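K.L.:
Handing you a structure now.
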Amino acid sequence: MEQTLSDSFQEIILKRRSNRSYDQTIHVPDEVVQRSLERAILSPNSSNMQLWEFHWIKSRDQLNKFTPLCLNQNTAKTASHMIAFVTRRDLWKQRMEWHKKNIESEIKNGTPDKYQKRMLNYYTKIVPFAYSNDWFGLMGFLRWVVSNGISLFRPMTRMAGINDTRIVVHKSCALAAQTFMLSIAAEGYESCPMEGFDQVRARKALRLPRQAEIGMIVSVGKGTEKGIWGKRLRVPYDEVVKVL
Ligand SMILES: Cc1cc2nc3c(=O)[nH]c(=O)nc-3n(C[C@H](O)[C@H](O)[C@H](O)COP(=O)(O)O)c2cc1C
């Protein structure tokens, strides 16, 4: 029987396991990582703001530097590559301008159509309202007042302080990491996401600005049997899936 897209996807899902011990005699080709990063970039993300960066830790020197920052985990020690998935909420103005330019470049005869008007309004009014923050938390307070005020009359996205913005960018960044890991599995290699790392030291090593954060660091390599820690345990379907 012919293999369907669904069969192939199932195969990839079953194949992806977190691997903690790679075969160091096999180097994962750069093209595999590059292709997987290109796929990660296509991940869904909030308002298509793409407030993320993918730092490819590629050279032996850099891998050696980052291994202790990943607490000397074996998956880091034996990796061919590592990718730091980074959130960049500080880049919102840049992305807003990028969207504005893209929309404007599509406008014909100098007059935006209904859709373009809506998009311009979204990126020049809603986005600044949602993403701007200040030292005193005044914007967060204003968002809380406005969103909770509106929500008295109709369903409304509840927005408030910096932590809400951080959650927004981390959600999107994690989806990109997942796309990347599935792609690595589809390419015949293995990966392991790590939150076991020193955020402060790793941010410093990547020379990230204050508002940037590392969501996770993903190791990549040719996995071994030894690198798989036991059966794939999951709580039962009925316990986590609630059908309405
Ligand atoms: C956000 C996140 C952080 C993780 N951090 C680590 C880590 O630091 N070290 C590690 O060995 N595994 C880490 N894992 C892997 C999980 O332990 C693993 O995904 C889980 O046990 C399920 O196993 P599976 O990935 O093989 O299906 C992490 C997974 C996620 C999603």
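The values are calculated or read from the model by the stated rules, or taken from the named source; none is laboratory data. Predicted model, so just to flag it, every value in this text is computed and none were measured. Don't worry about glycine lacking a Cβ; one is built from the backbone with ideal geometry, like all the others, and counts go over all protein chains shown. Just the protein is used for accessible areas: all its heavy atoms, side chains included, with ligands, DNA and RNA removed. Shrake-Rupley method; radii C 1.70, N 1.55, O 1.52, S 1.80 Å.
K.L.:
Give me Rg over Rh for the chain, both radii from the alpha carbons and Rh done the Kirkwood way, two decimal places.
P.N.:
Values: Rg = 21.2 Å, Rh = 20.5 Å.
Answer for the chain: 1.03.
K.L.:
Name the residues of segment 36-53 whose amide N is less than 18 Å from a point 7 angstrom out from the Cα of K15 along the C-beta direction?
P.N.:
Correct set: 36-40.
K.L.:
As an exercise, use a Förster radius of 45 Å and the Cβ-Cβ distance of D134 and M1 to find the FRET efficiency, rounded to the nearest 0.05.
P.N.:
Numbers: r = 60 Å, r/R0 = 1.34.
According to the calculation, E is roughly 0.15.
K.L.:
Then there is this: What is segment 28-146 by shape, rounded, prolate or oblate, if you read a ≥ b ≥ c off the alpha carbon gyration tensor as root eigenvalues and call it rounded for a/c under 1.5, prolate for a/b larger than b/c, and oblate otherwise? Please report the intermediate quantities before stating the final value.
P.N.:
On the way: a/c = 3.89, a/b = 1.75, b/c = 2.22.
Note, shape of segment 28-146 comes out oblate.
K.L.:
Let me ask something else. Specify whether the C-alpha gyration tensor of segment 104-185 places it in the rounded, prolate or oblate class, a ≥ b ≥ c being the square roots of the eigenvalues: rounded for a/c under 1.5, otherwise prolate if a/b is larger than b/c and oblate if not.
P.N.:
Working: a/c = 1.98, a/b = 1.01, b/c = 1.96.
Since a/c reaches 1.5 but b/c is at least a/b, the shape of segment 104-185 is classed as oblate.
K.L.:
Moving on to the next point. Which of the GluC sites (Glu not before Pro) found in segment 77-106 are loop residues per DSSP with 14 or fewer other Cβ atoms within 10 Å of their Cβ?
P.N.:
Numbers: sites: E97, E104, E106; in loops: none.
When the GluC sites (Glu not before Pro) of segment 77-106 are filtered for loop state and at most 14 Cβ neighbours within 10 Å, nothing remains.
K.L.:
Under a point spin-label approximation (7 Å from Cα along Cα-to-Cβ), what is the L244-K58 distance to one decimal in nm?
P.N.:
Here the answer is 4.5 nm between the modelled labels.
K.L.:
Select from segment 127-219 those GluC sites (Glu not before Pro) which occupy a DSSP coil region and have at most 13 other Cβ atoms within 10 Å, ordered by residue number. List each step's numbers first, then the result.
P.N.:
On the way: sites: E187, E190, E195, E213; in loops: E187, E195.
Hits after loop and neighbour filter: E195.
K.L.:
Just the number, please: Stokes-Einstein D of segment 173-244 in µm²/s, Kirkwood Rh from C-alpha pairs, 4 °C, 1.567 mPa s. Mind dumping the intermediate values first?
P.N.:
On the way: Rh = 15.0 Å.
In µm²/s, the coefficient rounds to 86.
K.L.:
Another one. Going through the cross-link list K58/K226; K77/K226; K15/K171; K58/K222, which pairs have a Cα-Cα distance over 19 Å in this structure?
P.N.:
Cα-Cα > 19 Å for K58/K226; K15/K171; rest within.
K.L.:
Relative to the Cα centre, what is the charge dipole magnitude of the chain, using +1 at the beta carbon of each Lys and Arg, -1 at the beta carbon of each Asp and Glu, and rounding to the nearest 20 debye? Mind showing how you got there, number by number?
P.N.:
Numbers: 37 positive and 24 negative charges, 149 e Å.
Magnitude of the dipole: close to 720 debye.
K.L.:
Please compute the contact order of the chain in relative form: average sequence separation of alpha-carbon pairs under 8 Å and at least six residues apart, divided by the residue count, as a percent. Walk me through the numbers before you get to the answer.
P.N.:
Numbers: 340 pairs, mean separation 87.2, N = 244.
Once normalised by length, the contact order is 36 percent.
K.L.:
Note down the nm distance, to one decimal, between modelled labels 7 Å out along Cα→Cβ at R154 and at S8.
P.N.:
Those two pseudo-labels are separated by 4.3 nm.
K.L.:
Using a probe radius of 1.4 Å on heavy atoms only, what accessible surface per residue do you get for segment 44-169? Whole Å² is fine. Write down the numbers at each step before the final one.
P.N.:
On the way: 7610 Å² over 126 residues.
On a per-residue basis, 60 Å².
K.L.:
Something else now. Give the whole-number value, in cubic angstrom per residue, of the convex hull volume spanned by the C-alpha atoms of segment 1-78. Intermediate values should be presented prior to the final figure.
P.N.:
Working: hull volume 12.3 nm³, N = 78.
Convex hull volume per residue, Cα atoms: 158 Å³.
K.L.:
Here's a follow-up. Let me check I've understood the local charge: for W144, count other residues with C-beta under 11 angstrom from its C-beta, Lys and Arg +1, Asp and Glu -1. What total comes out?
P.N.:
Numbers: positive: R143, R158; negative: D164.
Overall, the nearby charge balance is +1.
K.L.:
Let me ask you something else. Of all chymotrypsin sites (Phe, Trp or Tyr not before Pro) in segment 104-139, which ones are in loop regions per DSSP and have a Cβ with at most 11 other Cβ atoms within 10 Å?
P.N.:
Numbers: sites: Y115, Y122, Y123, F129, Y131, W135, F136; in loops: W135, F136.
Here the sparse-neighbourhood loop sites are W135, F136.
K.L.:
Separate question: Which one, V28, V86, V218, has the greatest fluctuation when you compute a Gaussian network model over the chain with C-alpha springs under 10 angstrom?
P.N.:
Highest fluctuation among the options: V28.
K.L.:
Shifting gears a bit: For segment 72-120, divide the Cα radius of gyration by the Kirkwood radius and give the resulting Rg/Rh value with two decimals. List each step's numbers first, then the result.
P.N.:
Working: Rg = 20.1 Å, Rh = 14.4 Å.
Here the Rg-to-Rh quotient is 1.40.
K.L.:
Students often forget the sequence filter, so: which aspartates and glutamates lie under 18 Å Cα-Cα from K117 once same-chain residues fewer than 8 apart are removed?
P.N.:
Partners within reach: E97, E104, E106.
K.L.:
Find how many whole Å separate the alpha carbon centroid of segment 180-244 from the alpha carbon centroid of segment 78-124.
P.N.:
If we compute the Cα centre of each part, the gap is 27 Å.
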